[in-house]
């Protein structure tokens, strides 16, 4: 089925594109890293260089070291009630 609409109202495009990286990522902006090796880490923009290079300070948190004995240790800090 085809439909013909004689008058279609549209909204004018008033979206303004950013003119620089400083507008998109101002210094102090929090970001999430989407590239290895620190995928998913939080970071903060601390410098934007003239050649459009954004420098980010990344807070890398290491995964906890968990071994099987620690999971079943009664005095440990891990939940053991649900482990089989």
For this session: Spot the failing condition for residue 14; the list is (1) assigned to a loop (DSSP other than H, G, I, E, B); (2) within 23 Å of the chain's Cα centre (by Cα), and only one is missed.
Result: (2)
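For every residue, the table says whether it meets (1) in contact with a strand residue (DSSP E or B) (Cβ under 8 Å, 6 or more places away or on another chain); (2) surrounded by fewer than 11 Cβ atoms within 10 Å (Cβ to Cβ); (3) at pLDDT 85 or above; (4) within 30 Å of residue 58 (Cβ to Cβ).
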residue	(1), (2), (3), (4)
10	no, yes, no, no
16	no, yes, no, no
19	no, yes, yes, yes
22	yes, no, yes, yes
27	yes, no, yes, yes
33	yes, no, yes, yes
37	no, yes, yes, yes
40	yes, yes, yes, yes
46	yes, no, yes, yes
Exercise. Mind checking whether some residue in region 60-83 is surrounded by 10 or more Cβ atoms within 10 Å (Cβ to Cβ), at pLDDT 80 or above, within 15 Å of the chain's Cα centre (by Cα) and not in a loop (DSSP other than H, G, I, E, B)?
Worked result: no
Exercise. Of all residues in region 17-57, which are part of a helix (DSSP H, G or I) and over 16 Å from the mean Cα position of the chain (by Cα)?
Worked result: 21, 22, 23
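The values are calculated or read from the model by the stated rules, or taken from the named source; none is laboratory data. Not measured: the values here are computed from a predicted model. Reconstructed Cβ throughout: ideal geometry from the backbone, glycine too, with neighbour counts over all protein chains shown.
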